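The values are calculated or read from the model by the stated rules, or taken from the named source; none is laboratory data. Bear in mind the structure is a predicted one, so any value in this text is a computation, not a measurement. All Cβ positions, even for glycine, are placed from backbone atoms using ideal geometry, and neighbour counts span all protein chains on display.
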Amino acid sequence: MLKYVPGFALILAISFPARFVQSQITVNGKEVVSAVAIAIILGIVIRNLIGVPDSCKPGTSFAVKRILRVGIALMGAQLSLGQVLETGAAAVLVVATCIVLAILVVRFISMRMGMSDRLGTLIGVGTSICGVSAIVATAPLIESREEETSLAVATITVFGLVAVLVYPLLGHLWHLSDTFFGTWAGTAVNDTSQVVATGLIYSQKAGEVATVVKLTRNLFMAPVIVGLSWFYLRKRQAEGGAAGEGKRFRLHQAVPLFVLGFVGMAILNSLGAFAPAVRQGIQSVSQFLIVSALAGVGLETHVAAMRKIGLRPFYAGLCAAAFMAVVSFGLITLAGIR
């Protein structure tokens, strides 16, 4: 156990400042910058400018591989099946359609740009579901490299911040109703904190609608992760050729325990098992564990490897952001949401 202490200490030295900086950057009292992105950036800076002692590596590796999954499982306590009913069938259909189209289209665009299949998938799930949370939950299942995870998080964060500024301006320019704008923001903007900020900048009601739609969108994370896990598992088995022959597909390989934990926590929350104070406590623990784990990702990221990929992830992110904005706007219009 002592071998993990140096790495944990370094991660905590990054996580606490990251959480503090997040709390200081607000719009209308709402945080708009993810502590996860800050932690990753700080980790990358330390790793590449100062260096990480070998004594820290067991702790950072444990955080990336284990602590992250616990944090994601606990995140399910913030979701409820009742949110789907509150959102309405039309909005749920829009959300589901956007998720499927975004993953397929963004992955295709990314691969056409010469990026890896894994990086394209991470940008796709980050754009379509819940930003950073979806990326960090998907990354270990598709065996992405730390550099790919960091680039995907950075790309999603940048365009999410742009959305916080641009969407309200467009909404007022086009005289959108609070319900329409809230549904649009909840469907198309990436990270939950950015969705809430975008909606509240427009109006209080738009913020409430955006929050409910976004939380409903987050519920799709579990089935999407299971689907991607199954797809990449079968793909690895097929690429294994003769070595993969005779290996049987096992359900537990495509449905990791942390995904079951995520679903279980959401079900318990739907049944009212958590008091508000308990749910808030679980949320705080979950957020801190995820920030800490992603600090570990930053500490294991080599900038030299990121340079080889270049600016292509940001071009793909721009395409993804534009695609989600246009397609979700069109689907909301077709669905008759006013």
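The table that follows gives values for the structure above.
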| read-out | value |
| --- | --- |
| GLY171 buried (at least 22 other Cβ atoms within 10 Å of the Cβ) and under 17 Å from the mean Cα position of the chain (by Cα) | no |
| Residue within region 25-35 that is more than 27 Å from VAL263 (Cβ to Cβ), free of Cβ contacts under 8 Å to residues at least 60 places away in the same chain and assigned to a helix (DSSP H, G or I) present | no |
| Matching entry among SER110, SER55, SER144, SER133 (being under 30 Å from THR333 (Cα atoms) and touching a helix residue (DSSP H, G or I) at 6+ places or on another chain (Cβ under 6 Å)) | SER110 |
| Whichever residue in region 49-100 is within 17 Å of the chain's Cα centre (by Cα) and surrounded by fewer than 18 Cβ atoms within 10 Å (Cβ to Cβ) and, among such residues, is farthest from GLY296 (Cα to Cα) | ALA96 |
| Top-ranked residue in region 185-200 [being more than 13 Å from the chain's Cα centre (by Cα), of a type in the set (Val, Ile, Thr) and at pLDDT 80 or above; ranked as surrounded by the most Cβ atoms within 10 Å (Cβ to Cβ)] | THR198 |
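Here's the yes/no breakdown for (1) not in a helix (DSSP H, G or I); (2) not hydrophobic (A, V, I, L, M, F, W, C):
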| residue | (1), (2) |
| --- | --- |
| ILE14 | no, no |
| PRO17 | no, yes |
| ALA37 | no, no |
| ILE41 | no, no |
| ARG47 | no, yes |
| VAL52 | yes, no |
| CYS56 | no, no |
| ILE72 | no, no |
| GLY76 | no, yes |
